[in-house]
Amino acid sequence: MPMLKADRDLHESSGLAPVQAPVTLHQAALNQLRTAIVLGKLKPGALLKDAELAAQLGLSTTPVREALVKLSTEGLVEIIPNRLKRVAPIDYALMVELLEVQNRLWAMGYEWGIPHIERAGLARLQQCNEMHRQAIKRGDVPAAVIAAQDFHSVVMEASGNRELVRVSLDRVPLIQRFVVLCIPWFPSPAMAKLYRDMLHGAQRGNAKEAVTAFNKLSDALLKVALRVRDTGQTQQPGMWR
């Protein structure tokens, strides 16, 4: 059936497209909706209607409804029973609180993970680092954010602590959205250098070196989040110039 103009406009504005096999319908809907929210294709505060989203994705409403429930547990969607669903607004105070906790968790993950990274993990870190560097070089903020998260995930997984992995990755999409939509200048050559230092620490099996570089990065991000919370200013400060 041909797509009507209104449908085409809706697809373009939301960034959603019919899902493809072989992923499960729930996972496909979850992945696309999460990405659309993180990238701002579905804007903060936007109302979410199961039927409209399902039509864009070419699905029934059930996997879409399930995906929205999961996204609500990640903090990306707000569901008010018997009233409405919407993309969660960006809460600057919450971002500060989240980073204060997340930074400690990831530092712990680096302390535990770096000594146990094997050859395959080091190869993945090197690949993530190169993808991160190249994304920054070409100004592709979403790609840089994804590569950065993949880098951290390798270290968290090397810790061998499944609960640390679960907790430390649970709210990552909120941080990704904050960077992409509010401080897109943050992924920068200065940031890339810190990832290179973390990689070098991992390659030497030197957890202290990697943690030191990570703490510089996480402290910088928290400092920016505090500034945004307190002043509402999101433009690039002198720290990365």
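Here, each number is a calculation from the coordinates, and none is a lab measurement. Keep in mind that what you see is a predicted model, and the values were worked out from it rather than measured. As a convention, Cβ positions derive from the backbone with ideal geometry for all residues, glycine included, and neighbour counts pool all protein chains shown.
Each residue of region 121-133 is assigned a 3J(HN,Hα), and the resulting list reads x, 5, 5, 5, 4, 5, 5, 4, 4, 5, 5, 5, 4 Hz, derived from the Karplus form 6.51 cos²θ - 1.76 cosθ + 1.60 (θ = phi - 60°), x at Gly and Pro.
Sequentially through region 88-98, phi angles give Karplus couplings (6.51, -1.76, 1.60; θ = phi - 60°) of 5, x, 7, 9, 5, 5, 5, 4, 4, 4, 4 Hz, Gly and Pro residues having no value and appearing as x. Scanning residues 5 or more positions from Glu74 or on other chains, none has an amide H under 5 Å from its amide H, with H placed 1.01 Å from N in the peptide plane. Note on Lys85: aspartates and glutamates with a C-alpha under 18 Å away, same-chain residues under 8 apart excluded, are Asp50, Glu52, Glu66, Glu74.
Straight-distance candidates among the aspartates and glutamates for linking to Lys216, with alpha-carbon spacing under 19 Å and chain neighbours fewer than 8 residues away dropped: Glu97, Glu100, Glu111, Asp150, Asp197. The three principal axes of the Cα atoms in the chain give end-to-end lengths of 57, 43, 36 Å, sorted in falling order. For Lys137, the lysines whose Cα falls under 20 Å of its own Cα, not counting residues fewer than eight places away in the same chain, are Lys193.
Placing +1 on the Cβ of each Lys and Arg and -1 on the Cβ of each Asp and Glu in the chain, which of Gln235, Thr24, Ala55 has its Cα farthest towards the positive end of the resulting dipole? Value computed over the given set: Gln235.
Any idea what the dipole of the chain comes to, in debye rounded to 20, about its Cα centre with Lys/Arg Cβ at +1 and Asp/Glu Cβ at -1? Mind showing how you got there, number by number?
On the way: 30 positive and 23 negative charges, 83 e Å.
With Lys and Arg at +1 and Asp and Glu at -1, about 400 debye.
Proximity of backbone amide H atoms, modeled 1.01 Å from N, is registered between Leu42 and Ile37 at under 5 Å, excluding neighbours fewer than 5 places apart on the same chain. The Glu130 and Arg166 beta-carbon pair, evaluated with R₀ = 22 Å, returns a calculated FRET efficiency of approximately 0.20.
Given the rule -39500 (n - 2.57) for each run of at least 4 DSSP H residues, summed and divided by the residues of the chain, what is its mean residue ellipticity at 222 nm, to the nearest 500 deg cm²/dmol? The partial results should precede the final answer.
Values: 11 runs with 164 residues, N = 241.
Result for the chain: -22000 deg cm²/dmol, rounded to the nearest 500.
Taken one residue at a time, the phi angles of region 188-195 give Karplus couplings (6.51, -1.76, 1.60, θ = phi - 60°) of 8, x, 5, 5, 4, 4, 5, 5 Hz. Gly and Pro are set to x.
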